[in-house]
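The values are calculated or read from the model by the stated rules, or taken from the named source; none is laboratory data. Everything numeric in this text was worked out from a predicted model, so none of it was measured. Note: accessible area is taken over every heavy atom of the protein model, side chains too, but ligands, DNA and RNA are not part of it. Shrake-Rupley method; radii C 1.70, N 1.55, O 1.52, S 1.80 Å.
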Amino acid sequence: MAANYDNSAWFYDNLSRLVYGKALIKAQVYLLNMVPPGSKILIAGGGTGWILEELSKIHPGDLTITYVEVSANMLALSQKRKTGQNKVIFMNNAVENVNLDADFDVIITPFLFDNFLDETVDRVFNHLHRLLKPGGIWLNADFQLTGRWWQNVLLKSMFIFFRLLCGIEAGRLPAIEKRFNNAAYKIIDDKTFFGDFIVSRVYTRP
Ligand SMILES: C[S@@+](CC[C@H](N)C(=O)[O-])C[C@H]1O[C@@H](n2cnc3c(N)ncnc32)[C@H](O)[C@@H]1O
């Protein structure tokens, strides 16, 4: 079953801020600072779209952004965001199902992979990998477990909550790092947030 956040769109940002404060925002803004001027960008699973406003504060007018969200409610909220003079193409679909030209300079996956079982991770990863130019940048933010007991508690609670409400298929974190390693990506920068529970990584495609 696809992870569809339709039911949570109206309260998602408030809930995530209640639990994580500004950590989810900081983790993504850190990544957005790595976007080169004039980039052609693919954002997959951007949620309510606040990321578009943060990106447009850094680059007010020279970006071409394809924004793909599987949740129609999330997409509708995203379409109301201020995006400056940037060109934004909105698509309501699962990103692995959209046919796009394989010439993106930057791909952004903010808390996308933690929704999926391994087979979906592979499908989504391989699809996005094909769309990124050689030498392109992939910005990924996700949760990780670094051995602190409360991380497991929070993670399990999130999986149960979002499985009941939004039908997400995952019950544990996928080994996303392995996919990047296997495809010979290089980490050029990374940073952790919220006591190491969140990791933002900047990868370059070989
Ligand atoms: C955990 S939420 C994160 C939202 C946002 N990135 C944030 O940090 O606030 C995951 C988002 O990915 C979307 N999503 C899930 N599977 C998707 C897919 N296959 N293609 C595109 N979007 C997807 C969901 O609808 C949801 O909005």
* Nearest 5 is fine: what % of DSSP beta bridges in the chain come out antiparallel, could you say? => 40
* Asked: Under the Karplus relation 6.51 cos²θ - 1.76 cosθ + 1.60, θ = phi - 60°, what is the ordered set of whole-Hz ³J(HN,Hα) values for the stretch 17-23, x standing for Gly and Pro?
  -> 6, 5, 7, 10, x, 9, 4
* To do: Treating cross-link reach as a plain straight distance, find the aspartates and glutamates whose alpha-carbon is under 19 Å from the alpha-carbon of Lys191, omitting any fewer than eight places away in the same chain.
  => Glu54, Asp114, Asp142, Glu177
* Can you list the lysines whose alpha carbon is less than 19 Å from that of Lys80, not counting same-chain residues fewer than 8 positions off? -> Lys57
* **the stretch 142-150 - phi-based ³J(HN,Hα) in whole Hz, Karplus 6.51/-1.76/1.60, Gly and Pro as x** => 7, 7, 8, 9, 10, x, 8, 4, 5
* Structure fact -> Partner aspartates and glutamates whose C-alpha sits under 15 Å from that of Lys40, ignoring same-chain residues fewer than 8 away, are Asp62, Asp101, Asp103, Asp105
* **Per residue accessible area of the chain, 1.4 Å probe, in Å²** => 47
* Fraction of accessible area attributable to carbon and sulfur, the stretch 8-205 (%, probe 1.4 Å) -> 54
* To do: Would you please give the residues with an amide H less than 5 Å from that of Thr66, counting only those at least 5 places away or on a separate chain, with H modeled from the backbone geometry?
  => Ile41, Leu42, Ile43, Ile89
* Estimated vicinal HN-Hα couplings, Hz - the stretch 51-65 in sequence order (Karplus 6.51, -1.76, 1.60; Gly, Pro = x) -> 4, 5, 5, 5, 5, 6, 5, 7, 10, x, x, 10, 9, 10, 10
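Can you list the equivalent-ellipsoid semi-axes of the chain, largest first and in whole Å, using the square root of 5 times each Cα gyration tensor eigenvalue? If you can, show how the numbers build up before the last one.
Working: eigenvalues 111, 78, 60 Å².
Largest first, the chain gives 24, 20, 17 Å.
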